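*Asks:* So that we are looking at the same thing, I have put the structure below in structure tokens.
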Amino acid sequence: MYPDESIVMCEKVSKKEKIEAEAHELMHILLNKQGLLRVVSKYEGKNEFLAMEINNAISHKILISRLRNDYNIESELHLKENTNSLSTILRNIEEPHSNNDTNLLKEIGVRLYDIYRTISEIEKEIIEIVSTNQLVESFFQMAKEILSRITIDSSKEVQLKTIKLFLLEIDVEPRSFYYQ
């Protein structure tokens, strides 16, 4: 889902997977309409991926649970894609240039936190990947400690304060984002 709430779907999925993916993206919009804040980068090409990962880390656990419990829709495709992405994530961490790209490592740390909190069966594997890079581990731990405080019942004020605290902790300027 893009910041303007437009959705683009891959054509190479089954009908069941397409319904699941559409429901997933629509639930992102519904949760936002119900009060869950969304972080959007003010600057095209800068911190857009980090904003997306923060949004996912905050919403996916709620989203997956609501789809299952309220609509009897599983998130198999999403969970499978996240599980399959772990080898690529590890390769990205191990690339020699990655240690100089702290923005990438921040994004990876937040993404691994999102996967960690939504796929309990692979927590151990995620912890092993996280532990391969000190910066990734630090960003993962900060996401785990701070972003986990946000729930669907958190006021917008509490969400905003928590997100800005997280951004400051990972040395990112909160004024670089809109909060919708």
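*Asks:* Please determine, by comparing only the residues of region 158-180 that are touching a residue at least 60 places away in the same chain (Cβ under 8 Å) and β-branched (Val, Ile, Thr), which one is surrounded by the most Cβ atoms within 10 Å (Cβ to Cβ).
*Replies:* ILE163
*Asks:* Give me the pairs, please: first residue somewhere in region 115-132 and closer than 12 Å to ASN82 by Cα, second residue anywhere and basic (Lys, Arg) and part of a helix (DSSP H, G or I), beta-carbon distance under 6 Å, and either six or more positions apart or on two chains.
*Replies:* ARG117/LYS61; THR118/LYS61
*Asks:* Another question, if that's okay. Output the residues belonging to region 127-141 that are buried (at least 19 other Cβ atoms within 10 Å of the Cβ) and either part of a helix (DSSP H, G or I) or of a type in the set (Ser, Thr, Tyr) (or both).
*Replies:* Step one: list which residues in region 127-141 are buried (at least 19 other Cβ atoms within 10 Å of the Cβ), which gives 129-130, 133, 136, 139-140.
ILE129, VAL130, VAL136, PHE139, PHE140, listed by residue number.
*Asks:* What are the residues in region 58-95 that are of a type in the set (Lys, Arg) and surrounded by 12 or more Cβ atoms within 10 Å (Cβ to Cβ), if any? Quick ask: steps written out before the conclusion?
*Replies:* Applying the first criterion (of a type in the set (Lys, Arg)) to region 58-95 yields 61, 66, 68, 80, 91.
Correct list: LYS61, ARG66, ARG68, LYS80.
*Asks:* I would also like to ask the following. I'd like to check something: does region 149-157 contain any residue that is in a helix (DSSP H, G or I), more than 15 Å from the chain's Cα centre (by Cα) and touching a residue at least 60 places away in the same chain (Cβ under 8 Å)?
*Replies:* We begin by selecting, within region 149-157, every residue in a helix (DSSP H, G or I); these are 149, 156-157.
When the remaining residues are screened for being more than 15 Å from the chain's Cα centre (by Cα), the result is 156-157.
Next, from what is left, pick out any that are touching a residue at least 60 places away in the same chain (Cβ under 8 Å): 156.
Yes, the conditions are met somewhere in region 149-157.
*Asks:* A further question follows. Out of LYS46, LYS61, LYS15, I need the residue that is touching a helix residue (DSSP H, G or I) at 6+ places or on another chain (Cβ under 9 Å) and modelled with pLDDT under 95. Which one? Give the steps one after another, and end with the answer.
*Replies:* Details: LYS61 fails: modelled with pLDDT under 95; LYS15 fails: touching a helix residue (DSSP H, G or I) at 6+ places or on another chain (Cβ under 9 Å).
It is LYS46.
The values are calculated or read from the model by the stated rules, or taken from the named source; none is laboratory data. In this text, all values refer to a predicted model and were calculated from it rather than measured experimentally. Reconstructed Cβ throughout: ideal geometry from the backbone, glycine too, with neighbour counts over all protein chains shown.
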